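As structure tokens, the structure follows; a few thoughts come after it.
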Amino acid sequence: MAGDLWTPAISMAGVAVGGALTYLTQRTTQRAAERAEGRRRAATLVEERRAEQIRTLLEFIRCALEAEGVAHARPPRWDVGDEWYATARPAMDGLRIAEKGVELLCAPGLHAPTAAYARALNQAVWQERGEGSLGERLEPFKAEFLTVARHSLT
């Protein structure tokens, strides 16, 4: 008769232990899945950010090449409103916007070389030509920018 009294208690204890183990297993599995999802989201965000930075750098390079072309085409004398100016002004505005995009979206170490390269291009477009060829004057700024840009993406 005493065994009959313990049977329901043991059954209830078994149900309670089984329920607790099931809960712990489900909770552990859920937390592991949440951590894995968090890691996946973080990796996706890093990939998206890198792609955005690459697009930003490519846009700056495109604008820099356009500005360099404008500088090469600069006539000895020009006036606001002439054909060269009508090409130069939007090219330089685009370069300035692209420079700010790099400043906003890319590594802080890239800001100074980007600004220096943009400033050199700005001078090449709007100022009188100095000593040496345009390419020789721009090359150090371009090389520094490209080197730092390459390192910022690794």
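No value in this document is a laboratory result; all are computed from the given coordinates. The shown structure was predicted, so the numbers you read here are calculated from the model rather than taken from an experiment. Positions of Cβ are generated from backbone atoms using ideal geometry, with glycine treated the same way; all protein chains shown enter the neighbour counts.
In table form, for the structure just shown:
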quantity	calculated
Scan of the range 62-76 for residues that are within 30 Å of P108 (Cα to Cα) and free of Cβ contacts under 8 Å to residues at least 40 places away in the same chain, ordered by number	R62, C63, L65, E66, G69
Residue among R74, R40 that alone is part of a helix (DSSP H, G or I), surrounded by 10 or more Cβ atoms within 10 Å (Cβ to Cβ) and out of contact with any Asp or Glu (no Cβ under 6 Å at 6 or more places or on another chain)	R40
Index of the failed condition, D79 passing every other in (1) touching a residue at least 24 places away in the same chain (Cβ under 8 Å); (2) over 24 Å from the mean Cα position of the chain (by Cα)	(1)
Near pairs, Cβ below 7 angstrom, 6+ apart or cross-chain, from the range 132-154 (over 22 Å from P108 (Cα atoms) and in contact (Cβ under 8 Å) with a residue 24 or more places away in the chain) to any residue that is of a type outside the set (D, E) and surrounded by fewer than 15 Cβ atoms within 10 Å (Cβ to Cβ)	L134/H72
